[in-house]
Amino acid sequence: MATKVNFSSELQKFTGEVQTQVQATNYRGVVAEIVAKYPGLAEDEILKMAVAIDGEIIHEPFLEQIQEGSEVHFLYRISGG
Amino acid sequence: MSEAQDYKYIGQRTIRPDGYDKVTGRANYAADLALPGMIWAKVLRSPHAHARIRSIDTSKAEALPDVMAVATHVDIPNQANPGAINILAKDKALYHGHAIAGVAAKTEAAAEAALALIEVDYEVLPPIMSIEDAMADSAALIHEDLITKGMAEQPTSPSNVSSRMEMNKGDVAAGFAEADVILEREFRTPTVHQGYIEPHACTVRFDEDGQSMIWCSTQGHFGVRATTAALLNLEHSKLKVIASEIGGGFGGKTVVYLEPLALILSKKSGRPVKIQMDRDEVFKASGPGSATRNKVKIGAKKDGTITAMEAHLYYESGAFPGAAPLGPGCMTIFTPYDVPNQYVEGFDVVVNKAKVAAYRAPGAPQSEYACEMLINELADELGIDPIDFRLQNAAKEDTQTLYGPKLKAVGLVECLEAAKNSAQYKSALEKNQGRGVSSGFWFNIGGVSSVIINMNEDGTGTILEGSPDIGGSRASMQMMAAEELQMPTDTFSAIIPDTAHIAHSDTTGGSRTTFATGMAVVEAAADIVTQFKERAAAVWNVTPEQVEWKDGVAINISGDGKMTAAEICAAAGRTGGQITGLGNINARGAGPSFAVHIADIEVDTDTGKSDVIRYTAIQDAGKAIHPGYVEGQYQGGAAQGIGWALNEEYIFNKDGLLENPGFLDYRIPLASDLPMIEAIIVEVPNSFHPFGVRGVGETGIIPPLAACGTAVSKAIGIRMSELPLSPPRVLKAILEA
């Protein structure tokens, strides 16, 4: 089973679609697949974003593993006061 | 959902470890440090809101006998750093109070006198002071090269709009087509200040041998080090930052204003330098919260089902593009509602005001105020109780958020039910009184935290946390260490070491510290448990697997024998050296916190003055480590939000000059203005934290705006849509009705 990657409205300007499926099993693989699939997506911009994997928001996802069937969202990084 | 558990140490109301120092005046704040040979610095600030700087002549100031150093923008070593122009203005003064030059002298009076001798040739420009002015077709430009990002088509000409963003789920048009009732309103919120009592201040020393030091009040001393080092081209290892006790921050002390300038002056003079803002400077030049203009449209069926929600948000960022907390504003506005069709569009707009800074749940109070006001009006229109209306549409586990992921277990429904069952909600109102209800949502964050627990020879432990304590984290860390090690809380003390003595920790903000740094404490404590077992095993000549750690004691399960922590630590020298636990983590799995507030307000219809007569704050803490501190966060957030709703605003004159830079004219609520705020802690555990913790520091400032806004509106029978609801504004509405 593949991993579902969901794109925000902002990212949809570059992907042209709401969702795609990837075969990668870790964060870096997901980024590599979507950057290769959508030339308009700038890798450095994607790497600035946080991700949510199955609803768990992760600000530094560099080493994250992703289970088959998971849902991934790219998000603006949140700081706070 | 995680199940609630019984704990031995967390959940108690221990005496706060910083309490004695604070009430006796022993606590050392930013302005309290004096060093041998120290001199004083003052900052020359722009008298104009918008002006081109043609030249700066400091020669007369430098000629004064007691003046030891003068600095302007050209003295900042890293001119390319984008943060440099808010430390000292370069080509333009962008707001009233923008720093122009710094002077260090042997006395404060000499530094003050020298400021008056600095000659600045300004070309005064028309100020842009509102979103309307900034976005007008004929608007003058604050930045001649600012091209709006995020537009469907890239603009070819500059404007005062730095970016546009949008978020969408479902089909909003179809949702509104299903609705029986649709309401659409515009709401405005003013520029506000965080209102911390302690002004920004620092004492610094630039050392020729490359061991410079900064003592300052900050929410993130690693951030101060990184920013200052970047501006001065210093290596991190050659700059030590010490976080003093802090007298309030609320997001406003995540920013660096004085420290790089002070260090430049110290380097030039060869002396330690102290700078302290006065209150006037704090208001003019330190980051305010963003003023906003927000349009919201919501549709619902007659049965109370919300079918569509739409918003268009405009946030001021001060004169610095991208500073507005627009992203969180867009992401949070509709999160309390499980509605399939939602759309938000947002704009970041530059104006001639100080650079906007974070303010407690930055961006969320403004947008959620607009949404919650309209929700209350829609409930009235439909004839449904506002809590029932929210319950019918409440976000819960698996609700798809507008910003992307589905929610995990959250406590909004539990908060709404607690509100409905509260004593206040069941109480009756009297003449000229109104009641308002509002929800609030904030994400909370995790991030990088570093903790060391040093076990002492007597079996006590010292916790070193890298997160400045702005809300009671030292007590919480002690309690979490105690719980993990099953040793009494007072076995542990907690301190915040300087940047040279612990690894990087992210800034205290985002309601992250009890959650993330708490996880680091648990990890460090678990590390110690492992070592305790190993050391006891070494004494007993058994394997660590044959040792159990229970109730704060090592037990030899393969034979007889018990060892306390004190006994293990006393023997540590001969079993391998002293025992230190490490917790260096990047915490993930922060759990969002929802809140529901109820405000009862009485309005004097002769004067327009509003009095909060009763107030209840209900919020999901996940697990309250120290309930007293948690209640304090709820009450503090509510008090700040009430001030935002009823009185606080920056008042500028026609030239863009701030007219109320002081607490007499910028009126935050005093204790005598407020009733005792009733706090109700809801606990729906966050499954990602070992004890179920969610952050609690920020959500509490969100609901008061609409709770008070609605209460005043109901008390006078007029829908109010602009904050603050100050006596003149309310009286004007009454007289014009």
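The values are calculated or read from the model by the stated rules, or taken from the named source; none is laboratory data. Computed from a predicted model, the values in this text were never measured in an experiment. Using ideal geometry, Cβ is built from the backbone for each residue, glycine included, and neighbour counts are taken over all protein chains shown. We work out accessible area using only protein heavy atoms, side chains counted, and drop any ligands, DNA or RNA first. Shrake-Rupley method; radii C 1.70, N 1.55, O 1.52, S 1.80 Å.
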Considering only C-alpha atoms, what is the centroid distance from the range B:679-729 to the range B:21-88, in Å?
38
Neighbourhood net charge (11 Å Cβ-Cβ; Lys/Arg +1, Asp/Glu -1) for B:TYR7
-1
Need the C-alpha centroid separation for the range B:304-319 versus the range B:575-623, integer Å.
24
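Of the listed pairs B:LYS302/B:LYS732; A:LYS4/B:LYS408; B:LYS149/B:LYS353; B:LYS268/B:LYS353, which have alpha-carbon separations greater than 28 Å here?
Details: B:LYS302/B:LYS732 34 Å; A:LYS4/B:LYS408 18 Å; B:LYS149/B:LYS353 21 Å; B:LYS268/B:LYS353 31 Å.
From the list (B:LYS302/B:LYS732; A:LYS4/B:LYS408; B:LYS149/B:LYS353; B:LYS268/B:LYS353), the Cα-Cα distance tops 28 Å for B:LYS302/B:LYS732; B:LYS268/B:LYS353.
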Gyration tensor (alpha-carbon) shape descriptor, the range B:534-634, a/c threshold 1.5
prolate
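Quick check: convex hull of the Cα atoms in the range B:623-709, volume per residue, rounded to a whole Å³? Mind dumping the intermediate values first?
Numbers: hull volume 11.2 nm³, N = 87.
Taking only Cα atoms, the range B:623-709 has a hull volume of 129 Å³ per residue.
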Accessible area of B:GLU62 in the full protein assembly, 1.4 Å probe (Å², nearest 10):
100
The protein assembly as shown, accessible surface, carbon-and-sulfur percent (1.4 angstrom probe):
50
Between B:GLN79 and B:LEU664, what's the calculated FRET efficiency when r is the beta-carbon distance and R0 is 60 Å? Round to 0.05.
0.90
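When DSSP beta bridges are limited to those with both residues in the range B:411-526, what percentage is antiparallel, rounded to the nearest 5?
Numbers: 5 of 9 bridges.
So the antiparallel bridges amount to about 55 percent of the total.
In whole Å, what three semi-axes, largest first, describe the equivalent ellipsoid of the range B:100-142 built from its Cα gyration tensor (square root of 5 times each eigenvalue)?
For the range B:100-142, the ellipsoid semi-axes come out as 37, 11, 7 Å.
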So for the range B:25-75, what are the equivalent ellipsoid semi-axes in whole Å, largest first, each being the square root of 5 times an eigenvalue of the Cα gyration tensor?
29, 18, 9
With the 8 Å Cα cutoff and a minimum separation of six or more residues, chain A has a relative contact order in percent of 37
So for the range B:237-284, Kirkwood radius off the Cα pairs, Stokes-Einstein at 37 °C and 0.692 mPa s: how many µm² s⁻¹?
259
Of the listed peptides B:597-607, B:660-670, B:182-192, what is their order by residue-averaged count of other C-beta atoms within 10 Å, with the highest listed first?
B:597-607, B:182-192, B:660-670
Residues of the range B:71-110 with the amide nitrogen closer than 16 Å to a label point 7 Å from the Cα of B:ASP121, along Cα-to-Cβ, please.
B:91-93
Sorted by chain and number, the residues with a modelled amide H under 5 Å from that of B:GLU722, at a separation of 5 or more or across chains, are B:ARG188
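Rounded, prolate or oblate: which fits the range B:308-369 when a ≥ b ≥ c are the square roots of the eigenvalues of the alpha-carbon gyration tensor, with rounded for a/c under 1.5 and prolate only if a/b beats b/c? Could the numbers behind the result be given before it?
Numbers: a/c = 3.43, a/b = 2.01, b/c = 1.71.
Since a/c reaches 1.5 and a/b is larger than b/c, the shape of the range B:308-369 is classed as prolate.
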List the lysines whose Cα sits under 30 Å from the Cα of B:LYS562, skipping any in the same chain fewer than 8 residues away.
B:LYS8, B:LYS533, B:LYS550
From Cα pairs below 8 angstrom and at least 6 apart in sequence, can you work out the relative contact order of chain B, rounded to a whole percent?
15
Interface burial for A against B (accessible surface, 1.4 Å probe, total of both chains, Å², rounded to 100):
2000
Computed on Cα atoms, Rg of the range B:127-222 relative to 2.2 N^0.38 Å comes out at 1.85
Hits in the range B:658-678: amide N under 18 Å from the 7 Å Cα→Cβ extension of B:ASN432, namely B:673-675
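Starting from the residue with the highest accessible area, list B:LYS654, B:LYS240 in decreasing order, probe 1.4 Å.
Numbers: B:LYS654 175, B:LYS240 70 Å².
Result, largest first: B:LYS654, B:LYS240.
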Please state the Cα pair-distance histogram of chain A with 10 angstrom bins from zero: what percent is in each bin?
19, 59, 21, 2
How many percent of all Cα-Cα pairs in the range B:592-737 sit more than 28 Å apart?
28
In order over the range B:502-508: 3J(HN,Hα) from phi, Karplus 6.51/-1.76/1.60, θ = phi - 60°, whole Hz, x for each Gly or Pro, gives 7, 6, 3, 10, 5, 4, 6
As an exercise, find the ratio Rg/Rh for the range B:389-540 from alpha-carbon atoms, using the Kirkwood inverse-distance average for Rh.
1.14
Evaluate the distance, in nm, between pseudo-label points positioned 7 Å from the Cα of B:VAL529 and of B:ASN653 along their respective Cα→Cβ axes.
6.5
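Which value in Å is the Kirkwood Rh of the protein assembly as shown over different Cα pairs?
Numbers: mean 1/r = 0.0357 Å⁻¹.
Hydrodynamic radius (Kirkwood, Cα only) of the protein assembly as shown equals 28.0 Å.
When the chain is fully extended, how far beyond the present Cα-Cα distance does B:GLU112 get from B:ASP611, taking 0.36 nm per residue of separation? Walk me through the numbers before you get to the answer.
On the way: separation 499, 0.36 × 499 = 179.64 nm, distance 4.18 nm.
That works out to 175.5 nm of additional length.
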Taking just the C-alpha trace of the range B:199-290, give me its Rg and Dmax in Å.
12.7, 42
Projected label distance in nm at B:ARG13 and B:ALA500, using a 7 Å step from Cα toward the beta-carbon:
4.2
Tell me, what are the semi-axes, in whole angstrom and largest first, of the equivalent ellipsoid of the range B:290-395 as set by the roots of 5 times the Cα gyration tensor eigenvalues?
29, 11, 11
Can you tell me which aspartates and glutamates have their Cα less than 18 Å from the Cα of B:LYS106? Leave out same-chain residues fewer than eight positions away.
B:ASP32, B:GLU62, B:ASP66
Quick one: the Cα spread of the range B:461-590 along its three principal axes, in angstroms, biggest first?
49, 27, 26
Rounded to whole Hz and in sequence order, give me ³J(HN,Hα) for the range B:403-408 from the Karplus expression 6.51 cos²θ - 1.76 cosθ + 1.60, θ = phi - 60°, writing x for Gly and Pro.
8, x, x, 7, 6, 7
Under the Karplus relation 6.51 cos²θ - 1.76 cosθ + 1.60, θ = phi - 60°, what is the ordered set of whole-Hz ³J(HN,Hα) values for the range B:308-315, x standing for Gly and Pro?
7, 9, 9, 9, 10, 10, 10, 10
Rounded to the nearest 500 deg cm²/dmol, what is the calculated helix-only ellipticity per residue at 222 nm for the protein assembly as shown, with -39500 (n - 2.57) per DSSP H run of length n ≥ 4?
-8000 deg cm²/dmol
Using a Förster distance of 22 Å, how high is the FRET efficiency between B:ALA136 and B:LYS295, based on the Cβ-Cβ distance and rounded to 0.05?
0.80
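Work out, in µm²/s and without decimals, the Stokes-Einstein translational diffusion coefficient of the range B:691-737 at 20 °C, 1.002 mPa s, Rh from Kirkwood over C-alpha pairs. Please list the in-between numbers first.
Details: Rh = 12.3 Å.
Answer, rounded: 174 µm²/s.
Rounded to a whole number, what is D in µm²/s for the range B:358-465 from Stokes-Einstein with the Kirkwood radius over alpha-carbon pairs (25 °C, 0.890 mPa s)? Each step should come with its number before you reach the end.
Numbers: Rh = 17.7 Å.
Estimated via Stokes-Einstein, D reaches 139 µm²/s.
Once you order the gyration tensor axes a ≥ b ≥ c over the Cα atoms, which shape class does the range B:1-142 get: rounded for a/c under 1.5, otherwise prolate or oblate by comparing a/b with b/c? Write out the running numbers ahead of the final one.
Numbers: a/c = 3.14, a/b = 1.42, b/c = 2.21.
In terms of gyration-tensor shape, oblate.
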Need one number: % antiparallel among DSSP beta bridges in chain B, to the nearest 5.
75
Pairs of alpha carbons in chain B whose separation is greater than 53 Å (percent):
14
Rough spin-label spacing in nm, given labels placed 7 Å along Cα→Cβ, for B:HIS236 and A:GLU68:
4.0
Out of residues 5 or more away from B:LYS406 or on other chains, whose amide H comes under 5 Å of its own, with H placed 1.01 Å from N in the peptide plane?
A:GLY55, B:THR401
Can you give me the convex hull volume of the Cα atoms of the range B:145-195, divided per residue and expressed in Å³?
176
